Amino acid sequence: MSEHDALYDATLRFAREIDARVDGERFDRDAWRDCARHGLLGLAMPREHGGSGEGARAIAAAYEAFGLGCRDSGLAFGLLGQLLSVQIPIANFGSEAVKAQYLPGLISGDLIAAHASTEADAGSDINRVRTVARAVPGGYRVSGAKIYSSMAPVADFAVVLARLEGDRPALIELLVPRELYATSRPISKIGLRSSPFGEIVLDEAFVPEDQVLGHAGSGLMGFMSTMEWERALIMAPAVGVMERQVRACVKYAQDRAQFGVPIGNFQAVAHRIADMKLRLETSRLLLRRAAEV
Ligand SMILES: Cc1cc2nc3c(=O)[nH]c(=O)nc-3n(C[C@H](O)[C@H](O)[C@H](O)COP(=O)(O)OP(=O)(O)OC[C@H]3O[C@@H](n4cnc5c(N)ncnc54)[C@H](O)[C@@H]3O)c2cc1C
């Protein structure tokens with residue numbers, strides 16, 4: 001038994017309970033809170049703020065199990081997105097005061113937060129961010145427009161990536177409370193519908209100095225660190241989804257008979273299932289390897 005098997009099993013049982021309650025069409029705050037209570041937002045978080053202290057491998061195991069047991073992929077994506085793109089940056093780069101201010105509420109599910117980097121002209125090319133932070137006495141005045149921010153329509157605050165005004169071509173990450181920005185209605189998407197995403201518009205929002213994540217100029221480093229965590233782990237629920245699909249296909253191929261035999265006996269069907277199983281195991285190995293690095 002690996003060290004994370006118990007976590008996997010407990011999360012799978014819990015995910016099946018949640019699955020019976022959610023429809024995957026809209027954000028469900030109660031389900032979110034229950035997931036937090038179960039510990040899904042405490043993984044890799046410092047114990048002194050309510051986390052379990054475990055690392056990336058625990059996140060991979062728990063969220064793979066969640067993806068297998070719960071069909072609401074948007075819920076898994078929303079939770080994991082917040083953990084990787086808000087909580088881990090705060091835990092890694094926040095001051096002690098910032099950690100104490102936000103982590104307990106995020107871990108317990110009482111607070112929800114968005115990560116706001118992407119803009120209309122700044123996707124992969126993140127250095128094109130145009131949202132600007134102008135230094136003023138005591139903090140920064142921030143103006144600009146973000147798009148595709150997951151959870152923005154329901155979040156209590158956002159981690160906003162901005163460009164420092166002036167000659168320095170440097171970025172800064174700031175923690176901005178909901179009262180200081182406008183949000184759009186949720187943008188419609190074809191999947192992950194229960195993790196609503198939307199725009200964040202800032203107009204001369206005053207953000208005090210102590211709400212800077214890291215320091216002025218560390219924004220790009222902070223963003224790249226977030227991307228490392230996301231690239232490694234955001235696929236975890238999808239591996240669980242793949243396993244659920246393989247199991248469903250195997251069962252159907254065993255139950256469905258034609259010409260007096262289960263269709264799984266036909267080589268063309270068996271080959272397809274073998275290919276699915278191969279892709280599942282390859283993805284799982286990649287996830288576990290990524291979580292170890
Ligand atoms: C479900 C979902 C949730 C999201 N949540 C958030 C969020 O919470 N916060 C946030 O800030 N953003 C979020 N995003 C936005 C996401 O981060 C961006 O979509 C991403 O950065 C890519 O930017 P883009 O969509 O502008 O694509 P583009 O940068 O325009 O890329 C389009 C295509 O060009 C390719 N491409 C781009 N540059 C290169 C290159 N140099 N070499 C080769 N190929 C290249 C890309 O791979 C891609 O296939 C979310 C997006 C989705 C779909």
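The numbered conditions (1) at pLDDT below 95; (2) touching a Leu at 6+ places or on another chain (Cβ under 7 Å) are all true for residue 162 except (1).
Among the residues of the stretch 38-96, what is the count of those that are within 16 Å of residue 12 (Cβ to Cβ), touching a residue at least 24 places away in the same chain (Cβ under 8 Å), not in a helix (DSSP H, G or I) and not acidic (Asp, Glu)? Here the count works out to 4.
For the stretch 166-199, which positions are near the ligand (Cβ under 9 Å from one of its atoms), of a type in the set (A, V, I, L, M, F, W, C) and in contact with a strand residue (DSSP E or B) (Cβ under 6 Å, 6 or more places away or on another chain)?
Listed by number, the list holds a single entry, 197.
With respect to residue 217, determine if the residue is in contact with an Asp or Glu (Cβ under 8 Å, 6 or more places away or on another chain) and either surrounded by fewer than 17 Cβ atoms within 10 Å (Cβ to Cβ) or part of a helix (DSSP H, G or I) (or both). It is false that residue 217 is in contact with an Asp or Glu (Cβ under 8 Å, 6 or more places away or on another chain) and either surrounded by fewer than 17 Cβ atoms within 10 Å (Cβ to Cβ) or part of a helix (DSSP H, G or I) (or both). Quick one: is residue 272 modelled with pLDDT of 95 or more and under 30 Å from residue 13 (Cβ atoms)? For residue 272, the condition - modelled with pLDDT of 95 or more and under 30 Å from residue 13 (Cβ atoms) - is not met.
For residue 7, the requirement of being buried (at least 16 other Cβ atoms within 10 Å of the Cβ), within 22 Å of residue 286 (Cα to Cα) and not acidic (Asp, Glu) is met. Restricting the stretch 52-96 to residues that are polar (S, T, N, Q) and within 14 Å of the ligand (Cβ to nearest atom), the residue that is most open to solvent (accessible area, probe 1.4 Å) is 73. Does any residue in the stretch 122-145 that is free of Cβ contacts under 8 Å to residues at least 40 places away in the same chain and farther than 14 Å from residue 210 by Cβ come within less than 8 Å, Cβ to Cβ, of a residue that is part of a loop (DSSP other than H, G, I, E, B) and open to solvent by 40 Å² or more (accessible area, probe 1.4 Å) six or more places away or on a different chain, and which pairs are these? Hits for this filter: 122/130; 128/121; 130/121; 132/165; 134/165.
Taken residue by residue, the stretch 231-253 has at least one member that is small (Gly, Ala, Ser), open to solvent by less than 80 Å² (accessible area, probe 1.4 Å) and free of Cβ contacts under 8 Å to residues at least 24 places away in the same chain.
Considering only the stretch 28-40, I want to know if a residue exists there that is farther than 20 Å from residue 233 by Cβ, surrounded by 19 or more Cβ atoms within 10 Å (Cβ to Cβ) and modelled with pLDDT of 95 or more.
Yes, the stretch 28-40 contains at least one residue that is farther than 20 Å from residue 233 by Cβ, surrounded by 19 or more Cβ atoms within 10 Å (Cβ to Cβ) and modelled with pLDDT of 95 or more.
Note on the stretch 108-165: among residues that are within 12 Å of the ligand (Cβ to nearest atom) and among the basic types (Lys, Arg), the one that is most open to solvent (accessible area, probe 1.4 Å) is 128. Checked against (1) open to solvent by 70 Å² or more (accessible area, probe 1.4 Å); (2) not in a strand (DSSP E or B), residue 204 meets all criteria but (2).
The values are calculated or read from the model by the stated rules, or taken from the named source; none is laboratory data. Model, not experiment: these values are computed from the prediction. Note that we place each Cβ from the backbone using ideal geometry, even for glycine, and neighbour counts take in every protein chain shown. Just so you know, the surface numbers come from the protein's heavy atoms only, side chains and all, with ligands and any DNA or RNA stripped out. Shrake-Rupley method; radii C 1.70, N 1.55, O 1.52, S 1.80 Å.
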